[in-house]
Amino acid sequence: MKSAESTEEIDAVLRNPALDSSPDSDPEISLFDLNHLDRIPKSQLRALHLVHENFVRNLASSLSAYLRSYVALNLVSLEQISYAEFLDGLSFPTCIAYLGLTPYEGTAVLELNMMLMFTFMELLMGSKGRSSVPAQRKITDIEKSIMQTLLRVVLQDLTEAWKSVAQIGFSVQSLASEPQLMHVMDPAEAVIVIAVDVRIGSVSGLMNLAIPSIFIKRLRHKFEQLQQVRRSHATEHDQAHLSGVMLGVDLSFEAFLEGGEIPTRTLLDLKAGDVLMFDQSMEQKLKGTLNGQEKWSGGIVAKHDKLVFEVGDALLAKSS
C-alpha cells in the first residue's frame with residue numbers, strides 16, 4: 001500500500017502543470033565560438049614581456065658583436081592570436097625557422113623577413129650590409145647553412161632569457177621559405193607572438209617569435225614562482241631604499257612632564273637651586289612625542305652620566 005501511494009504521488013507531481021516548460025522559464029542560450037582562444041592571464045603575459053625584454057636587450061649586444069655592426073632591437077608587441085592569423089600576417093617568401101623546445105613537446109616558430117635575412121647574410125659575408133631590394137625567391141641550402149650560425153646566437157640569448165622561468169633548450173629543427181607548407185600546429189591553435197623591430201643602419205624589419213599558448217600554460221606554476229621571487233626582491237629593495245631615505249630625515253623628539261600652574265612673576269624670578277612642585281606623581285609615566293604626536297610612554301633614567309628617556313609602552317594614535 002505504501003508503494004502504491006508513492007507511485008501515485010510521483011504521477012501527481014509529473015502531471016503538475018506548474019512544471020510544464022514555458023517561454024518565460026526557458027534558460028537563456030548563448031552561442032559559443034569553438035574558435036575562441038583560451039586567454040592567458042594578464043599577469044602571465046606581463047611576466048612573458050619581462051622575459052623577452054631581457055632577451056631583446058641581450059641580443060642587441062650579441063648581434064652587434066657578432067656582425068661587427070651596430071644592431072638596435074626593440075620589443076614592439078606581445079599578443080595572443082591563432083596560428084592561422086600569425087601565418088596570414090607573414091610575407092612571402094620569408095625566412096622561417098621551426099624551433100624545438102627541449103625537454104618539452106611542441107614547436108615554436110621564428111620568422112625573419114627577407115630584407116633582414118639578406119642584410120645579415122651580407123654582413124656575415126664581409127659586406128657593409130647596405131640597404132637593397134631583397135630577391136623575391138626561396139632561400140638556398142647554402143644560405144640556410146649560413147643562417148644556422150646566426151640563429152645559434154639568437155637562440156643562445158633566448159635560452160638564457162628563459163632560464164628565469166625554466167630550463168628550455170631552443171634548437172632549430174628546420175628552415176623554410178613557405179610557412180604554409182609546414183603544418184607544425186593546427187590553424188586554430190593559440191600562439192603568443194612576440195614582435196621585435198630590428199634595425200641595422202638604414203635597414204629595418206620585424207623578427208617574429210610564435211610560441212604555442214598551451215606550452216606557456218604548462219609552465220604556469222613556473223611563472224607564479226617567478227612572480228613571487230620578484231615580489232620578494234622588490235620588497236627587500238623597497239625596504240632598503242626606504243631605510244636609506246629615512247636616515248636623512250630630521251625628527252623632533254620631546255618628553256613632557258605635566259605640572260600645575262605658576263604665576264609669570266614666579267617663573268621670571270626662578271634662580272638656580274629653586275624647586276618647583278608639579279601635580280604629576282613620581283609613579284606616573286611621561287609621554288614621549290615624535291614630531292608633535294604622542295608615540296610612547298616611559299620615564300627619565302640616568303645612563304652614562306646623562307638623563308635619557310626610557311621607552312615603556314607604545315601609545316595608540318589618536319583619531320583626528
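The values are calculated or read from the model by the stated rules, or taken from the named source; none is laboratory data. Bear in mind the structure is a predicted one, so any value in this text is a computation, not a measurement. Cβ sites come from the backbone with ideal geometry, for glycine too, and all protein chains shown count toward neighbours.
Within the stretch 166-189, work out how many residues are at pLDDT 85 or above and part of a loop (DSSP other than H, G, I, E, B).
Residues meeting the conditions: 8.
Listed here are the residues, each with its yes/no results for (1) over 27 Å from PHE223 (Cα atoms); (2) modelled with pLDDT of 90 or more; (3) touching a Ser or Thr at 6+ places or on another chain (Cβ under 8 Å); (4) polar (S, T, N, Q).
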{"position": "SER82", "(1), (2), (3), (4)": "no, yes, no, yes"}
{"position": "GLY89", "(1), (2), (3), (4)": "yes, no, no, no"}
{"position": "THR107", "(1), (2), (3), (4)": "no, yes, no, yes"}
{"position": "LEU112", "(1), (2), (3), (4)": "yes, yes, yes, no"}
{"position": "GLY129", "(1), (2), (3), (4)": "yes, no, yes, no"}
{"position": "PRO134", "(1), (2), (3), (4)": "yes, no, no, no"}
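VAL245 fails exactly one of the following numbered conditions: (1) among the aliphatic types (A, V, I, L, M); (2) at pLDDT below 80; (3) surrounded by fewer than 10 Cβ atoms within 10 Å (Cβ to Cβ); (4) farther than 30 Å from ALA47 by Cβ. What is the number of that condition?
(4)
Considering only residues that are within 18 Å of ILE40 (Cα to Cα) and part of a strand (DSSP E or B), which ones fall in the stretch 75-105?
Correct list: SER77, LEU78, GLU79, GLN80, ILE81, SER82.
So how many residues does the stretch 101-120 have that are surrounded by fewer than 19 Cβ atoms within 10 Å (Cβ to Cβ) and out of contact with any strand residue (DSSP E or B) (no Cβ under 8 Å at 6 or more places or on another chain)?
Total satisfying the criteria: 2.
For the subset of the stretch 299-320 comprising residues that are surrounded by 11 or more Cβ atoms within 10 Å (Cβ to Cβ) and either basic (Lys, Arg) or farther than 22 Å from VAL249 by Cβ (or both), which member is modelled with the highest pLDDT?
GLU310
If you scan the stretch 139-153, which residues turn out to be under 21 Å from ALA108 (Cα atoms) and of a type in the set (A, V, I, L, M, F, W, C)?
ILE139, ILE146, MET147, LEU150, LEU151, VAL153
Which ones in the stretch 51-74 are surrounded by fewer than 16 Cβ atoms within 10 Å (Cβ to Cβ), outside any strand (DSSP E or B) and aliphatic (A, V, I, L, M)?
The answer is ALA65, and nothing else.
For the structure I just gave you, tell me whether GLU111 is acidic (Asp, Glu), within 21 Å of ARG152 (Cβ to Cβ) and in the same structural domain as GLU160 (by TED's automatic domain parsing).
yes
In the stretch 106-124, what count of residues is obtained for those that are in a loop (DSSP other than H, G, I, E, B) and more than 27 Å from the chain's Cα centre (by Cα)?
Residues meeting the conditions: 1.
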